[in-house]
Structures are given as structure tokens and as C-alpha cells.
Amino acid sequence: MTGKKTLRIVYWVATLLFAIPMTWSAIQYLIEAPKMMATMTHLGYPVYFTKILGVAKVLGVAAIVVGRFRRLKEWAYAGFTFDVVSAFLSHLASGDSIAIALVPIGFLVLLMISYVTWRRLDGP
């Protein structure tokens, strides 16, 4: 396997491992799934915020996976970075255990792998 081919595989694995759960959570927000609403309420967010976040996540996943517009893709990566860091801090601030609070950091790692490999494949 060539280096570029390996890099492409790493990119798609990390991207899909990130994008699939983000899409799932967006759907949960948009349909106001009871467990998701309970979590968001526990974190102190109003229900209407889940609709905003759900739409943003769907659009962000589309921008990253389709990747047709480079600048839009960059903004999507940035938006998801704010999302997962904010989720981490929200869990800590609401008194959740460190184990629960660290879950978003796992997604941040996948997001960063996706971003770095994309940049290496796409060039500066």
C-alpha cells in the first residue's frame, strides 16, 4: 500500500467514525428523543437549542463528508471543534463524572485525525 493510500484510508475511517455518531445525535436532537432531551436539560440547555444544534450538525457532517467547498469544510471542522469542547466543559460544569465528560474528547481526537489527514491529502 502506498503512503497516500494509507492516508486516505485513515482519513475515511476517522471521518466516518466521527460523522456517523454526529449524524445520529443530530437526528436525536431534531426528533426530540427523550433521553437526549433529558441530557440537554441536565446540562442546562433549552429544548429549542437542540433544533439549532441538530441542523448545524447535519450541515457540518455534509460539509465534511462531501467536501466540495474547501472553506466550508474548514468552518465545519471549526464548528465541530467548538461543539465537542463545549460538550466536554458542559458535562464538567454540570457535575458529571470525568468518564462521561471525556467522551466528547474522544470525538475531538477523531475529528483532529480526520482534519490532519485531509489537510495532508489536499495540500495547503
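How many percent of all Cα-Cα pairs in the chain sit more than 20 Å apart? Present the calculation step by step, with values, prior to reporting the outcome.
Details: 3421 of 7626 pairs.
Result for the distance tail: 45 percent.
As a test of understanding, state the convex hull volume per residue of the stretch 1-50 from its alpha carbons, in Å³.
Convex hull of Cα atoms, per residue: 83 Å³.
Enumerate by residue number the trypsin sites (Lys or Arg not before Pro) in the stretch 48-97 meeting two conditions: DSSP loop (anything except H, G, I, E, B), and at most 12 other Cβ atoms within 10 Å of the site's Cβ.
Qualifying residues, ordered by number: R68.
Can you tell me the convex hull volume per residue for the stretch 28-95, based on C-alpha atoms, in Å³ to the nearest whole number?
Details: hull volume 5.1 nm³, N = 68.
It is 75 Å³ per residue.
Work out the length of the dipole vector of the stretch 3-122 about its Cα centre, built from +1 on the beta-carbon of each Lys and Arg and -1 on the beta-carbon of each Asp and Glu, and round it to the nearest 20 debye.
Here the stretch 3-122 has a charge dipole of around 660 debye.
Cross-link candidates for K57: which lysines have Cα within less than 28 Å, leaving aside residues fewer than 8 places away along the same chain?
The reachable lysines, counting only those whose Cα sits under 28 Å from K57, are K35, K73.
Treating cross-link reach as a plain straight distance, find the aspartates and glutamates whose alpha-carbon is under 16 Å from the alpha-carbon of K5, omitting any fewer than eight places away in the same chain.
Qualifying aspartates and glutamates at Cα under 16 Å: D122.
How much mean residue ellipticity at 222 nm does the chain get from its helices, if each DSSP H run of length 4 or more adds -39500 (n - 2.57) and you divide by all residues, to the nearest 500 deg cm²/dmol? Intermediate values should be presented prior to the final figure.
Values: 6 runs with 106 residues, N = 124.
-29000 deg cm²/dmol, from helical runs alone.
Quick one: if you stick a label point 7 Å off each Cα along the C-beta vector at T41 and L7, how many nm between them?
Between T41 and L7, the label points sit 4.9 nm apart.
Computed from the coordinates by the stated procedures, all read-outs in this text should not be read as laboratory data. Since this is a predicted model, take the numbers as computed values, not measurements. Backbone-built Cβ (ideal geometry, glycine too); neighbour counts: all protein chains shown.
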